[in-house]
Amino acid sequence: MSTVSRPRSQPTMTKTPPSETTILLVEDEQDLLELLRYNLVREGYQVETAGTGEDGLKRVRQMGRDLDLVLLDLMLPGIDGLEVCRTLKGRETTASVPVVMLTAKGEEADIVRGLELGADDYITKPFSPRVLMARIGAVLRRAEKDGRSQPSSVVEAGPIAIDQDRHEVTVSGEPTVLTATEFKLLALLMSRAGRVYTRQQIIESIHEGYAAVTDRSVDVQVVSLRRKLGDAGRLIETVRGVGYRLRD
Ligand code: CA
C-alpha cells in the first residue's frame, strides 16, 4: 500500500471491520470462485457467491442493504458482467454499491466500458490475492469516505491541495496557476484518488459533454497539468489503454 499522506480534512475514522462487510462474488469459474472466497473469508469479509449474472442480480436483490461491494467477473455465461454492472449502476437502490471488475488480459475495451458504466475499479487476471485485497480495501475506504459529509471544499493529495470554492491550487503551499480546463481535470482526478477515469469520462467532466473534444486533447491537458504541478505531477498516472488516475 502507498504511504501518501491522507487529506487533512479526513478525520481519523473507525474503519468498518471486515467482519461487518459483505462482498458478493460473481464468478463462473469454480476454482477461481473458491480461491477468491477463501482469500476474502481469510481477510475477514462475509462472502456471498453467484455463478451467473442472473444469479448475481438475484442475490443483490436478496441482500439489499447488507451488500457492501460486488466483485464481478466480466466473462459470464448468459448476462455478462458489463450487463450486470449496467443494471446495478442504473438502479437507484444499488447505484452506490462499489463494483470491482475481474477481467482477462487484453480486455481494455471492456474495462473502459465498465468504468464508463460506473464500475469503481478492476483487476486483471491472473492477479495476486494480496493485490486484490488491497484494491478491495481501497475501494471500500473510498466508498466510506464518499458517504461522509465533506467538511471543507479543500481536497489534498500528497503535496497538492485544491480549493474548489476559491478555485485555487497549491503545491507544497505554493500557488499554482492552472487553466480552467486543467483545474477541472485535476479536481476530477482528486475527487477520488486511486480511481481510474477513462478519457471519455474526463472529456464529459471537463467539457460538459462538448463532443468535438478528442482523446488526444485530454492527453495534451494531462501533459500540461503534470508540468505545472512539477514533481507532484508524477502523482497523475497513465493507465495504459484505459485512462488516468491520481495515485492513492
Ligand atoms: Ca468467467
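The values are calculated or read from the model by the stated rules, or taken from the named source; none is laboratory data. Since the model is a prediction, treat every value here as computed from it, not as a measurement. As a convention, Cβ positions derive from the backbone with ideal geometry for all residues, glycine included, and neighbour counts pool all protein chains shown.
Only residues that are more than 20 Å from the chain's Cα centre (by Cα) and modelled with pLDDT of 85 or more were counted across the range 197-218, and they come to 2. None of VAL242, VAL220 is among the aliphatic types (A, V, I, L, M), exposed (fewer than 14 other Cβ atoms within 10 Å of the Cβ) and assigned by TED's automatic domain parsing to the domain that holds THR179 except VAL220.
Checked against (1) assigned to a helix (DSSP H, G or I); (2) free of Cβ contacts under 8 Å to residues at least 12 places away in the same chain; (3) farther than 21 Å from VAL99 by Cβ, GLN221 passes all but a single condition, namely (2). When the range 69-85 is filtered for residues that are assigned to a helix (DSSP H, G or I) and crowded, with 17+ Cβ neighbours inside 10 Å, the ones remaining, listed by number, are GLY81, LEU82, VAL84, CYS85.
Listed by first and then second residue, the pairs linking a residue in the range 45-68 that is in a loop (DSSP other than H, G, I, E, B) and modelled with pLDDT of 95 or more to a residue that is of a type in the set (A, V, I, L, M) and surrounded by fewer than 18 Cβ atoms within 10 Å (Cβ to Cβ), with Cβ atoms under 8 Å apart and 6 or more places separating them unless they lie on different chains, are THR52/ILE79; ASP68/ALA143. Exactly one residue out of GLU156, GLU174 is over 17 Å from SER205 (Cβ atoms) and under 20 Å from the mean Cα position of the chain (by Cα), and it is GLU156.
Among the residues making up the range 111-131, those that are surrounded by fewer than 19 Cβ atoms within 10 Å (Cβ to Cβ) and either within 16 Å of the ligand (Cβ to nearest atom) or not assigned by TED's automatic domain parsing to the domain that holds TYR45 (or both) are ILE123, THR124, LYS125, PRO126, PHE127. Within the range 14-44, if we keep just the residues that are without any contact (Cβ under 8 Å) to a residue 40 or more places away in the chain and in a loop (DSSP other than H, G, I, E, B), the residue that is farthest from the ligand (Cβ to nearest atom) turns out to be THR14.
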